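Read-outs: derived from the displayed coordinates by stated rules, not from any lab. Every value quoted in this text rests on a predicted model; they were computed, and no experiment measured them. Ideal geometry is used to build each Cβ from the backbone, glycine not excepted, and the neighbour counts take in all protein chains shown.
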Amino acid sequence: MFVCGLSLRGYGRSFCWHSVLLVLTLGFAGASAVPAQPARRLNLGRERAVASDCEIHSVAFSPDGKTLAAAGTVGDDANGVAYLYNTTTLKVRAPLRSDDPMQCVAFSPDGKVLVTGGVEQHARLWYVATGKGLGTLKHPDFVESLAYSADGHTLATGGFDGTVRLWDCATWKQSSVWTNPDRHAVKGVAFSPDGKTLAAASEKIVVLWDVATGKPRHTLRGHREDIWSIAFSLDGKLLASGGADETVRLWDPATGKELAVRKAHDEIVCAVAFHPSGRWLVTGGIHHVGRPGEEENSGEIKVWDVATRRVVQTVAAHTLPTITVAFSLDGKTLAAGSCDKKLKLWDVSLDGK
């Protein structure tokens, strides 16, 4: 039995991972339609893989797409590590290390700073060029999630204590503290592209905070189990969420209305990411195979057409659950990580283009 190091204190469960094959499912169910798009399809093509000593919990591309950060847990002592890979050669630079597991990672919009968070009471700041530490941002508990505003002026951190904290990136001073109504761990934060709204996911809700006033605009309810991941589309018109109720959901951030819901993976939808075009959504999670009571798990990735709300491709990505996914900003590469210690990248192409 293998227990993924991603299962942290207070989550109310531990997850056992094994192996599996893949399946293809149907699309989203929902009353609201998305305008039809040209008949092209996103394809995940050439696959590249890197074996690591790290259970990978979070991946992020630098804004120029030349560097990929993969952060997680390494060794019997569950120390934290972030590796920076050249996306062309997949050669890795000297690792960035901490004493405790890393849970999340984010690049600043100018690509000069990397921020990591995890099972320690602060977020760590690193210079990307040198790998040297820039400082830490103190938290009262674990740092569960990170997100920069598009202008690079503000960093948001989500904490195990149920708070969202905003930091001024010019001074690195804390500018605001908000508490989600349920006071549960904030496992996902995401700024809208215009920077006016911050989405914060905790347990079964997503709160849409007005950044200017610090007041909630909407509280999105629908998930029956913990939400693991959230993401805005690049135009800001859609928010996606994935959770432990096996579903991926689409929301209208302007109204707070749920637009669509669909069973996406078995047990947990661990990760969601929009393609920069907004026409496709990728989900990563778990798939079961085997007889009832004897199921085994592995990681799969599904590509969804947002207009039709149907799966257009399913990939058997990992031998253990796929925990994290990210597109490069130009949309030409998808990266994914897993507790199986494999980092994978796919070339992205569009049929008919």
**Request:** Work out the charge dipole of the chain with +1 on the Cβ of Lys and Arg and -1 on the Cβ of Asp and Glu about the Cα centre, then indicate which of VAL164, ALA271, LEU238 is farthest towards its positive end.
**Result:** LEU238
**Fill in**
Projected onto the charge dipole of region 76-205 (unit charges on the beta-carbon of Lys, Arg, Asp and Glu, signs +1, +1, -1, -1), the Cα from HIS122, SER108, VAL186 with the largest positive-side position is that of SER108
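Counting other Cβ atoms within 10 Å, which GluC sites (Glu not before Pro) in region 207-303 have at most 11 and lie in a DSSP loop?
Within region 207-303, the qualifying GluC sites (Glu not before Pro) (loop, at most 11 other Cβ atoms within 10 Å) are GLU294.
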**Message:** If I take R0 = 51 Å and measure r between the Cβ atoms of SER349 and ALA170 in this structure, what FRET efficiency does the formula 1/(1 + (r/R0)^6) give, to the nearest 0.05?
**Reply:** 0.80
**Request:** Kindly flag which residue pairs out of LYS196/LYS237; LYS215/LYS263; LYS112/LYS215; LYS204/LYS344; LYS66/LYS344; LYS66/LYS112 have an alpha-carbon separation exceeding 21 Å in this structure.
**Result:** LYS215/LYS263; LYS112/LYS215; LYS204/LYS344
**Request:** Output the Kirkwood hydrodynamic radius of the chain, Cα pairs only, in Å rounded to one decimal.
**Result:** 19.9
**Item:** Rel. contact order, % - alpha carbon contacts under 8 angstrom, at least six apart, the chain
**Value:** 18
**Message:** How much of the DSSP bridge set in the chain is antiparallel, in percent, rounded to the nearest 5?
**Reply:** 100
**Message:** What's the magnitude of the charge dipole for the chain around its Cα centre, counting Lys and Arg as +1 and Asp and Glu as -1 at the beta-carbon? Answer in Debye, nearest 20.
**Reply:** 840
**Item:** Estimated translational D of region 96-170 in µm²/s (Stokes, Kirkwood radius over Cα pairs; 37 °C; 0.692 mPa s)
**Value:** 270
**Message:** With unit charges on the beta carbons (Lys and Arg positive, Asp and Glu negative) and the dipole taken about the Cα centre of the chain, which residue among THR314, THR197, ALA69 sits farthest to the positive side?
**Reply:** THR197
**Prompt:** Going by a ≥ b ≥ c, the root eigenvalues of the Cα gyration tensor, does region 290-353 fall in the rounded group (a/c under 1.5), the prolate group (a/b larger than b/c) or the oblate group?
**Reply:** oblate
**Fill in**
For region 197-236 the mean separation of alpha carbon contacts under 8 Å (6+ apart) over residue count, i.e. relative contact order in percent, is 36
**Gyration tensor (alpha-carbon) shape descriptor, region 196-353, a/c threshold 1.5** = oblate
